[in-house]
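Take a look at the structure set out below.
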Amino acid sequence: IVLEEGEEGDEMYIVHEGEVAISKAIHVDIPGRGEVNFEKQLAVLGPGAYFGEISLLAPESRSATVTAKSELQVWVLESEPMQNLMGEDKELGYHLLSKMSAELCKRLRNANEDIMKLMRAFAIAIHR
């Protein structure tokens, strides 16, 4: 485990070599059946991809668990040095924030699509 959902963090990671799986813990209490717990894999990231960037933008607990799927080498960017660098070089700061924003928007669009698929499945299930 590279980082775990719910833990505190103030750094992001860039995958240099290997792959990581991003997953979320799912806990559902089903009446009459009890609690169901499982991990839902959200994505697999390889070289050049990054994760943990939300903690640089909004210091909250980790929103997912990241697990190495293979031998892994990552570069770690800590929040304070990153903020200092972006303050010193505004053009670089703009470029980094622009790239992170674009990636977060892409991930949000994908999450919205997944939510709509779940809502359709739920609507079909309750109308049977």
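The values are calculated or read from the model by the stated rules, or taken from the named source; none is laboratory data. Bear in mind that the values here come from a model prediction, so they are computed numbers and not experimental data. Positions of Cβ are backbone-derived with ideal geometry, glycine not excepted, and every protein chain shown enters the neighbour counts. SASA here: full protein model, heavy atoms, side chains in, ligands and nucleic acids out. Shrake-Rupley method; radii C 1.70, N 1.55, O 1.52, S 1.80 Å.
Before moving on, here are some points about what is shown:
- Considering residues of segment 72-128 that are within 24 Å of E8 (Cβ to Cβ), open to solvent by 90 Å² or more (accessible area, probe 1.4 Å) and not in a helix (DSSP H, G or I) only, the residue modelled with the highest pLDDT: W75
- Criterion applied to S63, S55 was being small (G, A, S) and modelled with pLDDT of 90 or more, and the one residue passing it is S63.
- Residue check for K40: basic (K, R), out of contact with any His (no Cβ under 8 Å at 6 or more places or on another chain), at pLDDT below 95 and within 26 Å of D114 (Cα to Cα): yes
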